[in-house]
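In what follows, a structure is listed as structure tokens, so that the remarks can point back to it.
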Amino acid sequence: MEFDSNWQEKYKDMVTTPKKAARHIRSGQRVFIGTGCAEPTELINAMTARAGELADVEIVQLFTKGDALYAQKKFADSFMVNSFFIGQNVRGMIQEGLGSYTPTLLSNIPHLFNTGRIPLDVALIQVTPPDINGKVSLGISVDIVKSAIENASLIIAQVNPQMPWTFCDSCIDIFDIDILVPADAPLLERETELLNDVGRAIGRNVATLVPDGSTVQFGLGRMPGFGRLPHAAIEFLKDKKDLGIHSEMVTDSIIDLVESGVVNGARKSFDRGRVVISFCMGTKRLYDYVDNNPLFCFRPTEYVNDSNVIRQQTKMVAINMGMEIDLTGQVSTDSMDGKFYSGIGGMVDFNRGASKCRDGRTIVVIPSTDADEQKSLIVPQLTVGAGVTITRGAIHFVVTEYGVAYLYGKSIQERVMALISIAHPKFREQLCREAVEAHFIRPEMAEVSTKFLLSSDESMKSMLLLDDGSQINFRSVRPTDEPSMRGLVYELSRETIYYRFMSQQSKFTHQQIQNFVYIDHRKDVAIVGTVPESYGESIICVGRYYLDAKTNKAEVAFVIRDEWQDRGIGTHVFKLLVDIAKRNGIAGFTAEVLRDNKRMRAIFMNSGLKVTHRVEEGVYSFVIDF
């Protein structure tokens, strides 16, 4: 970009110093401050220096990343913060009632400015120097800044040659600005936070939900002790193909995905080939990368966060963070311990848009506990004072470090079980009991609360590829498998039921189905084999062993849906159970098999293990030593 080297002389009637510019701010006015790392720090310092001369100045902002010197108790009579998203630099003042928080959807903020519901007197912004055509760029922050410029009575711009020139909707005419303040200073920077083990586990789980060709949004949320969890998946997206970005914000972590070709926007429904964002926050590396880079398209919030725009993308994946979720699926994002903590941001906008688009997915990420593991963030009821951002009727995927819960279209009982399954293990029994007390689930579920210690052992997972290309995925059984397990047992033939249960039963009680999925993982193991379906997955086989602590041997059994039999699945299940049992120090297996069940007998006899058996009244009793 060719800047006008003579701009200060050409527009000298508009040029002044920070101190003189700040004199135009008067008591009782409403002053807007530019967003994030584009905050005009020289102008803010000059305004704050006038604190003794000013009273009742309302500071309106999305959020800022500077020191926010105006947000101090000693300046409470001079400046009052009104923030749409609560950052660390103003949180204390707002929580003490000396500042204010305006809860609103990010997409609605420009409308509040445009309609005069929140009139603006002054806007303090930061821009590039003008080019030879008299245009300046808003650089790394377009978001609600452009709307503020269009509606404020007085525009004061910090003109910084270190501000990157960005494309699409970031340019304005220099004569749309009233006062120009030259200031050659480094932009505010924010290093990408290193993820801890919990954050990386969440990111890994989220990445499994992002298909090739998706367009992805990474939310604004940050959790104390964990960092920006919506961005945690980026590390694990390196094997994806043709991803696009349509998001409020990106950080340095996006660069590697772009340079590796993972993010190319090739399959986006529109803005194809462009990374569409409204602002970015990071280090000089990121700012240099977006500078004069046509790949990055900076658009205002009223476009980026418009749910009607979002819904037009194919495979839109919205990743946002919750601070707390109750067992019915209500999510709070702006509150912690009943106090205002952050904001609604774009979560509702993207949740609405992604849920309506073709093959779209909405994902809420949340750690299972606080950083000290003293409090579960999955709770029976939201904390008093917590605001509901996403209602229980609009929730889709929830991800913790312990797994993924899919709640859309699920009953209260189903979603309670799903959320307990991904809660921290030490809180699962308690959550189950509290769910019974709240009448969310059947009273007899209290009996299985002690069996809610789910196995998270990755070694239980495996995959079997059949000769026809069918892929069977194996994992530990989950309480949320109850509906699928019911479907499995009622689709078994009478012969298969007889071989497995040694009876001709034609119906299974609710208690029996529960016993299939609620097991005590401290001594027993159950694995399921699944195949993908349009609604998720279908269980086609179950393998299980029950430990007898007195003999240190376990009784083994498994069953396979009839149409999947004689394809090597039983042998795979048995080998998987043997491997798990050996790792757990179990000495061997026992089994009772009907004489006519030749398939099961063959699996045992051809296992390569030491096998002994005896026959009595048509039943083989096997002992299998490891």
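In order along the range 99-106, the phi-based Karplus estimate (6.51 cos²θ - 1.76 cosθ + 1.60, θ = phi - 60°) of 3J(HN,Hα) comes to x, 9, 10, 9, x, 7, 5, 4 Hz; Gly and Pro are listed as x. Here the translational diffusion coefficient of the range 119-207 follows from Stokes-Einstein with Rh set to the Kirkwood radius across Cα pairs; for 4 °C and 1.567 mPa s it amounts to 87 µm²/s. Between the alpha-carbon centres of the range 283-313 and the range 157-173 there is a gap of 14 Å. For the residue pairs LYS19/LYS65; LYS10/LYS135; LYS19/LYS146; LYS582/LYS610; LYS20/LYS284, the alpha carbons lie more than 19 Å apart in LYS19/LYS65; LYS19/LYS146; LYS20/LYS284. If the chain linking LYS550 and ASP256 were pulled fully straight, counting 0.36 nm for each residue of separation and taking away their Cα-Cα distance, it would gain 100.3 nm.
At 222 nm, what helix-only mean residue ellipticity would the chain give, in deg cm²/dmol to the nearest 500, using -39500 (n - 2.57) for each DSSP H run of four or more? Only helices count here, giving -6500 deg cm²/dmol. Distance between the modelled labels on ARG117 and HIS510, one decimal in nanometres: 4.6 nm (7 Å Cα→Cβ projection). What lysines could a cross-link reach from LYS240, if we take a straight Cα to Cα line under 17 Å and drop same-chain neighbours fewer than 8 places away? Straight-line reach from LYS240, under 17 Å: LYS268, LYS315.
When Cα extents along the principal axes in Å is calculated for this entry, the matching label among (1) 108, 84, 47; (2) 108, 77, 45; (3) 106, 48, 38 is (3). Scaling the Cα radius of gyration of the range 163-310 by the globular reference 2.2 N^0.38 Å produces a ratio of 1.10.
Other residues lying with their Cβ under 13 Å from the Cβ of ASP562 contribute a combined charge of +1, Lys and Arg counting +1, Asp and Glu -1.
Evaluating kT/(6 pi eta Rh) at 25 °C and 0.890 mPa s, with the Kirkwood radius of the range 271-349 over Cα pairs in the Stokes-Einstein relation, gives 162 µm² s⁻¹. For the range 1-109, the list of GluC sites (Glu not before Pro) that fall in a loop by DSSP and count at most 12 other C-beta atoms within 10 angstrom reads GLU2, GLU96.
Shown here are the Rg and Dmax of the Cα trace of the range 7-182, at 15.3, 49 Å.
Taking Cα atoms only, the orientation of helix 482-491 departs from the longest principal axis of the chain by about 40 degrees. Peptides 327-334, 161-168, 593-600, ordered by how many other C-beta atoms sit within 10 Å of their residues on average, highest first, read 327-334, 161-168, 593-600. More than 24 angstrom separation, counting every C-alpha pair in the range 283-405; what % is that? For the range 283-405, the share of Cα pairs beyond 24 Å comes to 37 percent. Computed from Cα atoms, the angle from the helix 425-437 axis to the main principal axis of the chain rounds to 90 degrees.
Computed on the chain, with alpha-carbon pairs under 8 angstrom and 6+ residues apart, the relative contact order is 9 percent.
By the Cβ distance rule (another cysteine Cβ under 4.7 Å), the unpaired cysteines of the chain are CYS37, CYS171, CYS280, CYS357, CYS432, CYS541. When both the range 574-624 and the range 476-540 are represented by their alpha-carbon centers, they are found 20 Å apart. Sorted ascending by nearby beta carbons within 10 Å, beginning with the fewest, TYR545, TYR11, TYR408 become TYR408, TYR11, TYR545. Under a 5 Å amide H cut-off, with hydrogens placed 1.01 Å from N, TYR101 pairs with SER83 among residues at least 5 apart or on other chains. Its relative contact order, with pairs defined as Cα atoms under 8 Å and 6+ residues apart, puts the range 458-625 at 17 percent.
The separation of the range 368-413 from the range 50-105, counted between C-alpha centres, amounts to 30 Å.
For the pair ASP212 and GLN565, what calculated FRET efficiency results from E = 1/(1 + (r/R0)^6), where r is the Cβ-Cβ distance and R0 = 41 Å, to the nearest 0.05? Calculated transfer efficiency: 0.80.
Here THR369, THR391 are placed in order of increasing Cβ neighbour count within 10 Å, fewest first, which gives THR391, THR369. Where both bridge residues fall in the range 197-447, DSSP classifies roughly 30% of the beta bridges as antiparallel. Computed on the range 197-447, the Cα convex hull volume stands at 116 Å³ per residue.
Residue by residue, the range 311-317 carries 3J(HN,Hα) couplings of 5, 7, 6, 8, 6, 6, 10 Hz when phi is fed to the Karplus relation 6.51 cos²θ - 1.76 cosθ + 1.60 (θ = phi - 60°); x denotes Gly or Pro. Got the relative contact order for the range 197-447 handy, in percent, Cα pairs under 8 Å and 6 or more residues apart? Over the range 197-447, the number comes to 18 percent.
Beta-bridge orientation, the range 7-182: approximately 10 percent antiparallel, per DSSP, counting only bridges with both partners inside. Here is the list for the range 244-293: chymotrypsin sites (Phe, Trp or Tyr not before Pro) lying in DSSP coil, each with at most 16 other C-beta atoms within 10 angstrom of its C-beta, are PHE270.
Among the trypsin sites (Lys or Arg not before Pro) within the range 321-406, which fall in a DSSP loop and have no more than 10 other Cβ atoms within 10 Å of their own Cβ? Nothing satisfies the criteria. Distant-in-sequence amide contacts of TRP165, defined by a placed amide H-H separation under 5 Å and a gap of 5 or more residues or a different chain, comprise ASN292. In order along the range 184-200, the Karplus-derived 3J(HN,Hα) couplings, from 6.51 cos²θ - 1.76 cosθ + 1.60 at θ = phi - 60°, round to 8, 8, x, 6, 4, 10, 9, 5, 5, 6, 6, 7, 7, 4, 5, x, 5 Hz, and Gly and Pro are given as x.
Rule-based calculations on the coordinates, nothing more; no lab input. Since the structure is predicted, the reported quantities are computational estimates derived from the model, not experimental observations. Because the Cβ atoms are built from the backbone with ideal geometry, glycine has one as well, and the counts that use them run over all protein chains shown.
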